[in-house]
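Take a look at the structure below.
The values are calculated or read from the model by the stated rules, or taken from the named source; none is laboratory data. Since the structure is predicted, the reported quantities are computational estimates derived from the model, not experimental observations. Neighbour counts run over all protein chains shown; Cβ positions are idealised from the backbone, glycine included. Keep in mind that these areas ignore ligands, DNA and RNA; they rest on the heavy atoms of the full protein, side chains included. Shrake-Rupley method; radii C 1.70, N 1.55, O 1.52, S 1.80 Å.
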Amino acid sequence: MAPKKAKKRAEGANSNVFSMFEQAQIQEFKEAFTIMDQNRDGFIDKNDLRDTFAALGRLNVKQEELEQMLKEAPGPINFTVFLTMFGEKLKGADAEETILNAFKVFDPEGKGTLRKDFLSGMLTTQADRFSPEEMEQMFSAFPPDAAGNLDYKNLVYIITHGEEKDQE
């Protein structure tokens, strides 16, 4: 059974990838792809990944790590392959895990917190920018600790479950 399924997936791998997402989502993926395609050649390669990490403040990414990421693709990563990979990752993905993984990109040490000023800067200057009112709403609902750190694990839990986890 598995080989038949694999063959079917390979044949139709990108035939209906665009039907998996709404037009607005496809546009957001296109924007992300364009940001990552640093040299604008229509493909994401190792140098594009390194430059993207550098733009996010992560400078010393190992060659092996970049190669491992590229190995996840069936071949050169153009937009259709990029979209297909996200479709496969998101299919059956847990919303909580997906959101946590997005925060973890900015938390390479895995502390579970982000600096309020860093998060504010990211949310007001990148992609779908937050307004000052939206930032105020977020920080009044999810106040940072005395040191100015936001517990994003708790934030994600509340976003996905609607209530605070009992503190152990």
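Brief remarks follow.
- Any hit, the stretch 106-113, residues being assigned to a helix (DSSP H, G or I) and not hydroxyl-bearing (Ser, Thr, Tyr): no
- Scanning the stretch 65-78 for residues that are of a type in the set (S, T, N, Q) and either open to solvent by less than 70 Å² (accessible area, probe 1.4 Å) or part of a loop (DSSP other than H, G, I, E, B) (or both) returns a single hit, ASN78.
- Residue list for the stretch 131-157, filter: part of a loop (DSSP other than H, G, I, E, B) and at pLDDT 90 or above: SER131, PRO143, PRO144, ASP145, ALA146, ALA147, GLY148
- Every residue from the stretch 54-79 that is farther than 27 Å from LEU114 by Cβ and aliphatic (A, V, I, L, M): LEU70, ALA73, ILE77
- Which numbered condition LYS89 misses (of (1) exposed (fewer than 14 other Cβ atoms within 10 Å of the Cβ); (2) part of a loop (DSSP other than H, G, I, E, B)): (2)
- Here ILE99 meets each of (1) open to solvent by less than 40 Å² (accessible area, probe 1.4 Å); (2) in contact with a helix residue (DSSP H, G or I) (Cβ under 8 Å, 6 or more places away or on another chain); (3) assigned to a helix (DSSP H, G or I) with one exception, condition (1).
- Check on GLU28, modelled with pLDDT under 95, of a type outside the set (S, T, N, Q), closer than 30 Å to LYS62 by Cβ and out of contact with any Ser or Thr (no Cβ under 7 Å at 6 or more places or on another chain): yes
- Test: residue in the stretch 117-125 that is part of a helix (DSSP H, G or I), open to solvent by 80 Å² or more (accessible area, probe 1.4 Å), closer than 20 Å to GLN38 by Cα and among the polar types (S, T, N, Q): no
- ASP151 under 26 Å from ILE44 (Cα atoms) and of a type outside the set (S, T, N, Q): no
- Test: residue in the stretch 79-96 that is without any contact (Cβ under 8 Å) to a residue 40 or more places away in the chain and in contact with a Leu (Cβ under 7 Å, 6 or more places away or on another chain): no
- Residues of the stretch 43-64 that are closer than 11 Å to PHE79 by Cα and surrounded by fewer than 12 Cβ atoms within 10 Å (Cβ to Cβ): none at all.
- Hey, LEU83 modelled with pLDDT of 90 or more and either crowded, with 16+ Cβ neighbours inside 10 Å or among the charged types (D, E, K, R) (or both) or not: yes
- In this structure, LYS104 does not qualify as in contact (Cβ under 8 Å) with a residue 24 or more places away in the chain, surrounded by 12 or more Cβ atoms within 10 Å (Cβ to Cβ) and on the phi < 0 side of the Ramachandran plot.
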